[in-house]
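Below you'll find the structure, written out as structure tokens, and then a few comments.
The values are calculated or read from the model by the stated rules, or taken from the named source; none is laboratory data. Everything numeric in this text was worked out from a predicted model, so none of it was measured. All Cβ positions, even for glycine, are placed from backbone atoms using ideal geometry, and neighbour counts span all protein chains on display. In case anyone asks, the SASA skips ligands and DNA or RNA and just uses the protein heavy atoms, side chains included. Shrake-Rupley method; radii C 1.70, N 1.55, O 1.52, S 1.80 Å.
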Amino acid sequence: ALLAPLSSEELMEDYTYLEKMILEVHPGTYRYADSIEINGALKDLREAFQMPLSHGQAFLAINKMIANIQCAHSFASLNDQNKSMQSLLHLGQDKIPFTFRLIEDKMVITVLEINGMPVKDILSKMWLYLGTDGNTPASKTSRLEVFGYDFQYDAFDSLYPLMYPIEKAIKLKILDSNVMFKEISTNYMSRYDRTMQLISRYPTIHKTANDMWKFLVYDEKTAILTINSFSLLGWKRMTMDYKIFLNNSFHELKQKGIQNLIVDIRLNEGGNDEMLYELLRFFDIDRIRINDMESRSRYKKFPELFKPQIKTWGDREPWFYEFSQKLGSDGYYHFPREARVNRKNKKSEDYFEGNVYLLTSPRNQSLAFYMTKFFKLNGLCIIIGEETGGNLRGINGGQIVFLTLPNSSIVINFPVMGMFSTAEQPNRGIRPDYSISQSLDDTFQEIDTALEYTFRLIKENQ
């Protein structure tokens, strides 16, 4: 059924929840933006809510406002909406009929224009609706890529139909295989139909979340461990026993005397902490330390207004409703040092003693960012690829609540506590030891630029 438009009165009641959460609860509201910027973004949202809006328009306006906080854990979710919003965002016959990587401001396949609008202009407008942790612009671009996997939603798929009118046909300006400009007209598709076509044409495409993990012995000296998700929750989640997978993989490394291990996390956007702790068991470290971070919140007692409207991980009474921490001079409540940032590593007998090469990308935020940081701080690897998402100043992912706005029923992901660096840090992600980006020429030839560079580096080191 079509969703009825939201009246200004309904939208403004929803606004009161958003404003209170942002100004009183969110731990990172002023981490990267000052009060002038935040108040200006709230003013723009109030003005947008002065007239009736569709649910899609409200979804866009809310995400545009929240993106000003510069937090990758804060957004109107693609995954946690009710059935009506899920249908609006994901089930329409309004998806582009192709998947793409984004390289040098072009979609590969090389699409230059969609319905007469340059791809670069479309992407720059979509940026306004995506939040990333501080100054990590490449992270926004990477999150707009469309992989077409059945088990995950792509932001471009949902944003494009909300931002641009959808007609029966989609007109594309492309570069063909002879590098000649060409204009074509084709039809939009549903996610399901596109996925089925991809599977029929490309048998190796990821079909389930389990395919995000792979182990390959490349030759007698080198193996590749691909871990492109730490997710155990949510829709179409991973079902494989990842502990057995890791045990078997590292046992094989030990048995075969493999000297070089390439760990590829370039599509990993984070997830469950325990998956990282299990992975760390297979490396030569005694304690898991991240000594320059501490947790903080901006409230002592969680507002009663929100309690009927939120869900959290697990079914028990939320532990974060009331804190005993004292208010610091910086306006934050500071938590004691957490056991998880200085815990004993339960090292496996099959821990790896050779050379580790970690492949990173701007998609690496949340737990994938912390994994990269930990590996770098402990000298566990050589990092190859692109600067990560996340931020060295810290990120807001310690505890997430899912706030359902009372009238629109749009679900907002909000963190209620954040990790902050105790030392002065630059406003960026983690830079690799060797900065290697995927080139357009290599993409046309189906060559993985960073992986090939790693193979050459291993050969030189030997």
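From the square roots a ≥ b ≥ c of the eigenvalues of the alpha-carbon gyration tensor of the range 229-294, which class results: rounded (a/c under 1.5), prolate (a/b over b/c), or oblate?
Taking the square roots of the gyration eigenvalues as a ≥ b ≥ c, the range 229-294 is oblate.
List the relative contact order of the range 1-93 as a percent without decimals, with contacts defined as Cα pairs under 8 Å and 6+ residues apart.
For the range 1-93, the relative contact order is 35 percent.
Can you tell me which of 445-451, 125-131 comes out highest on packing, and rank the rest after it, using the mean Cβ neighbours within 10 Å?
Sorting 445-451, 125-131 by mean packing, highest first, produces 125-131, 445-451.
Helix-only mean residue ellipticity at 222 nm, the chain, DSSP H runs n ≥ 4 weighted -39,500 (n - 2.57), per residue, nearest 500. What is it?
Here the helix-only value at 222 nm equals -8500 deg cm²/dmol.
Can you compute the modelled spin-label distance between Asp286 and Ser8, with each label point 7 Å from Cα toward Cβ, in nm?
Reported label-point gap for Asp286 and Ser8 is 6.8 nm.
What is the spin-label model distance, in nm, from Ser35 to Arg431 if the labels are put 7 Å beyond Cα along the C-beta direction?
3.5 nm
Give, rounded to the nearest 20 debye, the magnitude of the charge dipole that the range 354-442 has about its Cα centre when Lys and Arg contribute +1 at Cβ and Asp and Glu contribute -1 at Cβ.
In total the dipole reaches around 320 debye.
Could you derive backbone 3J(HN,Hα) for the range 223-229 from the dihedral phi with the Karplus parameters 6.51, -1.76 and 1.60 (θ = phi - 60°), listing whole Hz in sequence and x where the residue is Gly or Pro?
Result, rounded to whole Hz: 10, 10, 10, 9, 10, 9, 6.
Could you please report the charge total around Arg194, scoring K, R as +1 and D, E as -1 over all other residues with beta-carbon less than 10 angstrom from its beta-carbon?
Numbers: positive: Lys95, Arg191; negative: Asp150, Asp157, Asp193.
The answer is -1.
Where does the charge balance sit around Asp330 when Lys and Arg score +1, Asp and Glu -1, over other residues with C-beta under 11 Å from its C-beta?
+2
Between Leu123 and Ser84, what length in nm is gained on full extension when 0.36 nm per residue of separation is reduced by their alpha carbon distance?
Going from the current span to full extension adds 11.4 nm.
Measuring from label point to label point, each 7 Å out along Cα→Cβ, what is the Tyr351 to Ile447 span in nm?
3.9 nm
Quick check: from the Cα gyration tensor, does the range 56-157 come out rounded (a/c under 1.5), prolate or oblate? Show your work: numbers first, answer last.
Numbers: a/c = 1.64, a/b = 1.12, b/c = 1.46.
The shape class here is oblate.
Under a straight-distance cross-link criterion of Cα-Cα below 29 Å, which lysines are reachable from Lys300, leaving out those fewer than 8 residues away in the same chain?
Hits, sequence-local ones excluded: Lys20, Lys43, Lys64, Lys311, Lys326.
Net charge around Ala41, counting only other residues with Cβ within less than 14 Å of its Cβ (Lys, Arg = +1; Asp, Glu = -1)?
-2
Just to confirm, what accessible area per residue do you get for the chain at 1.4 Å probe, in whole Å²?
47 Å²
Where the centroid of each part is defined by its Cα atoms, how far is the range 223-259 from the range 365-402 in Å?
Each part reduced to its Cα centre gives a spacing of 19 Å.
Tell me, what is the 1.4 Å probe accessible area of Glu387, in Å² to the nearest 10?
Taking all protein chains as shown, Glu387 has close to 60 Å².
Given H placed 1.01 Å from N in the peptide plane, which residues other than close sequence neighbours of Leu112 have an amide H under 5 Å from its amide H?
Those qualifying (amide H under 5 Å, at least 5 residues apart or on another chain) are Lys173, Ile174, Leu175.
Pop out the ³J(HN,Hα) list for the range 369-382 in order, Karplus 6.51 cos²θ - 1.76 cosθ + 1.60 with θ = phi - 60°, rounded to Hz; leave Gly and Pro as x.
Going residue by residue, I get 5, 5, 4, 4, 4, 5, 4, 5, 4, 9, x, 7, 7, 9 Hz, with x marking Gly and Pro.
Give a residue-ordered list of calculated ³J(HN,Hα) values for the range 414-429 (Karplus: 6.51 cos²θ - 1.76 cosθ + 1.60, θ = phi - 60°; whole Hz; x for Gly, Pro).
Using θ = phi - 60°, the values come out as 10, x, 10, 8, x, 9, 10, 6, 8, 10, 5, 9, x, 8, 6, x Hz.
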